Amino acid sequence: MKMHHNKQFQLTPTAQLNWALAVSHISRNLQVVMKWIESDLVTPISIGVIENERSYWASHFYSVIECINSHKNLQHSPMKFESYPIWTLNDMRGFLPQNFFEHIQSYLYNWGFQYFLATFLNQRSSLGIVEELLERLSEMYEVRFKASFNEYSFYISGADSSLSEKLEDRFTDVFPPELREVKANTKKLINESDLCLILKNPHTNRKVGIFGEVEGIHGNKLRNKSYWDSKQDFCVFSFGVVDGPNRECYVENVDVNGIDRVCFHFEKENYVVQDFHFTLEYMKQLFQNGPTCRLASRNEEFDYFLNKVKSFWLKPAGELLDELSLFIDGNDLIGKRRKTISIITDLQA
């Protein structure tokens, strides 16, 4: 038998040049990221310990389903079904193209992460992030959030989500009260933002709305002037997913166009981001292969909700959302739950 020796694979000169340019680009980006992380203006912030894993994983699955249910800009959406708002996961698999989830997955990385934050930031494990946000805003704007504002909730905002439709009824004031001697256009602010943090004084029922932005893919843009030029001045905080060599979360103060903002940055390898992407990947497998396919992650709590989703495959998605919300521990669940927990005890700067 004649032996055929494999030839060594070689790139063409053009391919070699393109490869070298790509490696150089990655190297430069990494150097920029490292320089940014090492700056004195950027502070690592620890995400609290996940004490309730069941609540944590329920939040991931809830956010994916809620984003599909309520976000208006998805290419493939149940909003286009005649039966909406009554629809099932089986309807999605039956009426849409076989690979529909692949078409919307990258958008869910972005918009879905917005919905996830609106649940995750209402839980006890995120208390340190919320306190850091309020302390920095207090210092920036030289105000004192009185201890009487001892309840808070995050909500979805933005004209691209049906969850924001009655958001204006949830607060009485906007923070900052004015910028450059101009008060906020409340309706426009709601329509052109992603998240709203509402601080509440339960004794007077006064509620203050603080608005922000979310970038679930290109969080690096949050550090650019060009990004904020097209955003609302009254959006004074942000959360973004950024490139980075570690698995950390960072916070920094940013002054753009004379507007002070607090920006939080999750590196792509941070467990919170990776777990959300992990959930999306398993949901894709379910939509591609159906609820009878054998899927297991070897994480007991994750698999519990994976099986929960399977068991609700033929039931209205609203019932699945109600079921998942029962396992989520925290404040109001993006306008769905009424139970509140007073866990901010002193917000004075």
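Read the figures in this text as sums done on the coordinates, not as results from a lab. Just so we're clear, the structure is a prediction, and the values are computed from it rather than from any experiment. Reconstructed Cβ throughout: ideal geometry from the backbone, glycine too, with neighbour counts over all protein chains shown.
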> Regarding the range 191-260, what is the average projected area of its C-alpha convex hull, in nm²?
Replying inline: 6.1
> Which cross-chain or sequence-distant (5 or more) residues have an amide H under 5 Å from the amide H of I217, H modelled 1.01 Å from N in plane?
Replying inline: V241
> What are the ³J(HN,Hα) values, in whole Hz, obtained from phi via the Karplus relation 6.51 cos²θ - 1.76 cosθ + 1.60 with θ = phi - 60°, for each residue of the range 49-56 in sequence order, with x given for Gly and Pro?
Replying inline: 5, 7, 7, 10, 5, 5, 5, 4
>> Ranking request for peptides 59-71, 301-313: highest mean number of other beta-carbon atoms within 10 Å first, then the rest in descending order.
In response: 59-71, 301-313
> Where the centroid of each part is defined by its Cα atoms, how far is the range 157-203 from the range 52-129 in Å?
Replying inline: 23
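Would you tally the net charge around N253, using a Cβ to Cβ cut-off of less than 9 Å, leaving N253 out, and scoring K and R as +1, D and E as -1?
-2
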> Using 0.36 nm per residue, how much length does the chain from D260 to D243 gain when fully extended, once their Cα-Cα distance is taken away?
Replying inline: 3.8 nm
>> Cross-link candidates for K231: which aspartates and glutamates have Cα within less than 14 Å, leaving aside residues fewer than 8 places away along the same chain?
In response: E192, D194, E213, E215, D255, D260
> Spin-label point model (7 Å from Cα, Cβ direction): what's the N73 to S297 distance in nm?
Replying inline: 2.7
> With N residues in the range 53-325, what two-decimal value do you get for its Cα radius of gyration over 2.2 N^0.38 Å?
Replying inline: 1.03
>> I need the phi-derived Karplus couplings for the range 206-213: 6.51 cos²θ - 1.76 cosθ + 1.60, θ = phi - 60°, integer Hz, Gly and Pro marked x.
In response: 6, 9, 10, x, 10, 10, x, 10
